[in-house]
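Working notes for the structure below.
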Amino acid sequence: MKKKIIVIINLVLLGGAGLFADTISLEDVRTLALTNSRSLAKYSMSIRSSLLDEKTQLYAVLPSVSAGYSASMSYLDKNWGFVNPVDTLSAGMDFSVTQKIFEGGKNTIQRAISKISTESVRNEAMAEYFNVMDSADNAFYAVLEAAATLEAEESSLQTVLASLTIAEVRQANGMINQGDFLKAMADREARENSRNQARRNLSLNMTKLRALTGITGTIEPEQINFGAYENLIQFLADITDDEADAMYDRFWKVLAESNPSLTRAALNSRRAEYNFSLTKRDYLPVISATIFSTGVSYSAAGKFGSSSGGGITIRGSIPVDFWIMNNRIEKSRIARDSSALDFISAEINLETDLQSALLNLLAYSGSVLTSRRSLEYTEKHFEYVGERYRLSQSSISDLNDATTLLINSRNSHIKACYGFLQSLSRLRSLGAVDDENKLINLLMNNQ
């Protein structure tokens, strides 16, 4: 935590001086996104407000202290005649201390409800914390993916331009027909359009990253070291069905204990149960004792006076309108049952989310390896066709097909790599696992 605070201070102090003119790491983006998040700031206020509610319930068991004052004057007597208001002046002050002795356990239940509300808000804040982290990761990866795609499109365009130069020479010498030359021109326009679209995507994703982090200057994301994930990718790509089932069970145990959304649903169910119990206790009386009371008074006629005392006052209420009371209890019962159903739905949704996240991670792991091998074969194929084209043994169409296959293979590999990282980030958010090494060990079942 101290390290994160130091990072934040450095970013604030150096951000205006062009700190990110070189590179910005994923950890820096996460820290800035958390710092810049208005939703997290609002949750912080909500937690403080909920803690104040807890204190209010705590104060309710303490003696109630009250003080009051009054003053009055009249300008008409009972016969509707005018009188001097000063002659009718009367004033008084009173002070009392009252302690509730019995209220049917309502305050205890209300305090429990307040604590549950605070814990629920904390879990909402925790869920939002990981949502912001997930958004930061996705925005960072999206920029890197768009940059890699643009680089691939630029490379493809340069290849098409080089082949067009050869085609122009051959067309001038009558070595190719007009149709093949027009095909080369069309390929160039298509590649330029793809390159321009890639530029647009990079600019758009960069804008989103700036908005998330609050950075207004140039952002150059630090490249991801995919080699650090090689062992994990290999493990997940070769995983058996039994190992996948065991992985799901491990993660479900973690989610059942730490997933903020599931915990919040459980807390809401408990709160509804307490509210139901609280409503039923409206039948019980409230007993309070006046520990001390005193007062002074003044009147124009009787001058000063005082009074003091103490005693026990029993106050109870017996509802006569039972239909209204039963209606309130029934509404509380419905709310309790509805919260129980919400908890079941939260469990089912979380199971679906976990299965989806794991399946995506496994699928992208396999895609990383297969797309990598496909790219290697495609690059060799392209070199072979390119050499034949230079020797006039392949046509423009052959070279275009090889170029299209190459760019598609590159883009597939890029998508698989960053899809893997995004799936890993999603899994971390579901499990509320802040440490990536812990997440990887959990996936590989390393103790």
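A few notes on this one:
- Residue match in the range 330-342 (condition: surrounded by 18 or more Cβ atoms within 10 Å (Cβ to Cβ), in a helix (DSSP H, G or I), without any contact (Cβ under 8 Å) to a residue 60 or more places away in the chain and among the small types (Gly, Ala, Ser)): no
- For the criterion of being farther than 20 Å from LEU267 by Cα and at pLDDT 75 or above, MET93 passes.
- Taken residue by residue, the range 113-120 has no member that is surrounded by fewer than 17 Cβ atoms within 10 Å (Cβ to Cβ), modelled with pLDDT under 70 and under 45 Å from the mean Cα position of the chain (by Cα).
- On the stretch given as the range 408-423, residues that are more than 21 Å from the chain's Cα centre (by Cα) and hydroxyl-bearing (Ser, Thr, Tyr) total 2.
- Scanning the range 167-184 for residues that are touching a helix residue (DSSP H, G or I) at 6+ places or on another chain (Cβ under 7 Å) and assigned to a helix (DSSP H, G or I) yields ALA167, GLN171, ASP180, PHE181, LYS183, ALA184.
- Flag for ARG188 being modelled with pLDDT under 90, surrounded by 14 or more Cβ atoms within 10 Å (Cβ to Cβ) and in a helix (DSSP H, G or I): yes
- Look at the range 248-271: where a residue is over 11 Å from LEU430 (Cα atoms) and a partner is surrounded by fewer than 19 Cβ atoms within 10 Å (Cβ to Cβ) and of a type in the set (Val, Ile, Thr), sitting 6+ places away or on another chain with Cβ atoms under 9 Å, you get ALA265/ILE344.
- Top-ranked residue in the range 227-282 [being closer than 25 Å to LEU341 by Cβ and β-branched (Val, Ile, Thr); ranked as surrounded by the fewest Cβ atoms within 10 Å (Cβ to Cβ)]: VAL254
- Pairs with Cβ under 8 Å, 6+ apart, first in the range 427-447 and free of Cβ contacts under 8 Å to residues at least 24 places away in the same chain, second part of a loop (DSSP other than H, G, I, E, B) and of a type in the set (Val, Ile, Thr): LEU439/VAL433
- Complete set of residues in the range 371-392 that are modelled with pLDDT under 90 and exposed (fewer than 12 other Cβ atoms within 10 Å of the Cβ): GLU387, LEU391, SER392
The values are calculated or read from the model by the stated rules, or taken from the named source; none is laboratory data. Keep in mind that what you see is a predicted model, and the values were worked out from it rather than measured. Please note: Cβ atoms are built from the backbone with ideal geometry, for glycine as well, and neighbour counts cover all protein chains shown.
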